[in-house]
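Any read-out appearing in this document is the output of simple, stated calculations on the displayed coordinates, not a laboratory observation. Remember, predicted model here, so these are calculated numbers, not experimental data. Here the Cβ positions follow ideal geometry from the backbone for every residue, glycine too, while neighbour counts run over all protein chains shown.
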Amino acid sequence: MLIVLSPAKRLDFSEPPPDAPATLPRLADDMASLVRTAKRQTRADLRRLMGISEDLAQLNRERFQAIDPAAVDAGVQAAFAFAGDVYQGLEARTLDASALAFAQDRLRILSGLYGLLRPLDRIQPYRLEMGTRLKTRRGSSLYDFWGDRISKQLNADAEGHADRTLVNLASQEYFGAVDARALTLPVVTPHFREEKDGESRIISFFAKKARGTMARFAIDARIETAADLKAFDQDDYRFQSAASTETDWIFTRSRNS
């Protein structure tokens, strides 16, 4: 079983846990190619491409200019560096060595710049959302750029796993970079819904945090079979068998209190 998460816009590049190992991203040549393209973008280009303010465009231009793909000791491990809602649920900085080793084998993070990351892969500060229509020699978007590369890496990463299921805890934007034609793994997608006053709906903040919490649940329990995730009960969520299908799993909790 493999679990995939989205990255986060918010970053935390404070000092990582001192004993945590670090690895290098595997799709480094592709990342370096993207960095060369990104370095050529002006502040105005980035503002237009990313739909961000002048200040954020300037910040991200400075980040791209500072990235050195050859600097193997630069940056912070991905699971520690991302700090958005998903990563509040994951709480990676509290994982011990054994848990980090399990996560390194079972957890993957989709990335517009790095393609596919393991939790302990070093990253440098950046922002490049997967939906960005950055033109490269491979096409007009990052989906074109990554093509089938992410799917092929996921296929390889699942080799040797007794259960080769891919658990999709990423957003639609990011999971769209996983080429379904090249992927040889079965996929299940958990959905997290809030029930209140007889209605059930997805609330983005809660759903994002629940994705990270489910990933943490899998790590803590050393879950190796996707079906065992149906036992997920953190933060009062419960699996709803009647509302679920083989590929879409519904988890709900009451918000009436």
Checklist outcome for this item: Measuring from its Cα centre, the chain shows a charge dipole (+1 at each Lys and Arg Cβ, -1 at each Asp and Glu Cβ) which, in debye to the nearest 20, is 980 debye
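With the cut-off at 1.5 for a/c, could you classify the chain from its C-alpha gyration tensor as rounded, prolate or oblate? Working shown, then result.
Details: a/c = 1.60, a/b = 1.47, b/c = 1.09.
The shape class here is prolate.
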Checklist entry - Using modelled amide H (1.01 Å from N, peptide plane; none on Pro or chain starts), what sits under 5 Å from the amide H of residue 248, excluding residues fewer than 5 places away? => result 189
Next on the checklist: With angles folded into 0 to 90 degrees, how steeply does helix 28-39 sit against the dominant principal axis of the chain? Use alpha carbons for both and round to 10.
Outcome noted: 60 degrees
Checklist entry - Rounded, prolate or oblate: which one fits region 126-257, using the alpha carbon gyration tensor with axes a ≥ b ≥ c (rounded when a/c is under 1.5, else prolate when a/b beats b/c, else oblate)? => result oblate
Item to check | Pairwise label distance in nanometres, residue 71 with residue 24, each label 7 Å out on the Cα-Cβ vector | outcome: 1.6 nm
Checklist entry - Each residue of region 86-101 in turn: what ³J(HN,Hα) in whole Hz from Karplus with 6.51, -1.76, 1.60 and θ = phi - 60°, glycine and Pro shown as x? => result 4, 7, 5, x, 6, 6, 5, 5, 9, 6, 7, 4, 5, 5, 5, 5
Item to check | the chain: calculated mean residue ellipticity at 222 nm from DSSP helix runs of at least 4, using -39500 (n - 2.57) | outcome: -9500 deg cm²/dmol
Checklist entry - Amide H to amide H under 5 Å from residue 255: which residues, 5+ apart in sequence or cross-chain, H placed 1.01 Å off N in plane? => result 195, 196
Checklist outcome for this item: For region 152-164, Karplus-derived ³J(HN,Hα) couplings (6.51, -1.76, 1.60; θ = phi - 60°; whole Hz; x for glycine and proline) come out as 5, 5, 4, 4, 5, 5, 8, 4, x, 7, 4, 10, 8
Checklist entry - Between region 181-257 and region 108-160, what is the C-alpha centre distance in whole Å? => result 24 Å
Item to check | Point-charge dipole on Cβ atoms (K/R +1, D/E -1) for region 132-257, about Cα centre, debye to 20 | outcome: 600 debye
Item to check | Per-residue HN-Hα couplings for region 190-205 [Karplus 6.51, -1.76, 1.60; θ = phi - 60°; Hz; x = Gly/Pro] | outcome: x, 10, 10, 10, 10, 9, 8, 6, x, 10, 10, 8, 8, 10, 3, 4
Checklist entry - For region 156-196, what class follows from the C-alpha gyration tensor (a ≥ b ≥ c being the square roots of its eigenvalues): rounded when a/c is under 1.5, otherwise prolate if a/b is larger than b/c, else oblate? => result oblate
Item to check | Highest-MSF residue in the chain out of 169, 110, 56 [GNM, Cα springs under 10 Å] | outcome: 56
Checklist entry - Tell me, in nm to one decimal, what length is gained between residue 33 and residue 189 on full extension, where the rule is 0.36 nm per residue of separation less the Cα-Cα distance? => result 53.0 nm
Checklist entry - Looking at region 197-257, which GluC sites (Glu not before Pro) are DSSP coil and have at most 13 other C-beta atoms within 10 Å of their C-beta? => result 246
Next on the checklist: Charges on Cβ only, +1 for Lys and Arg, -1 for Asp and Glu, centred on the Cα centroid of region 138-243; of 166, 213, 146, which one is farthest towards the dipole's positive end?
Outcome noted: 146
Next on the checklist: Can you tell me what share of the DSSP beta bridges in region 189-257 is antiparallel? A percent to the nearest 5 is fine.
Outcome noted: 40 percent
Checklist entry - Pulled fully out, how much extra length does the chain show between residue 247 and residue 58, if you take 0.36 nm times their separation in residues and subtract their Cα-Cα distance? => result 63.9 nm
Checklist outcome for this item: Over 25 Å (Cα to Cα) among 9/135; 39/209; 208/230; 135/209; 9/39 -> 39/209; 135/209
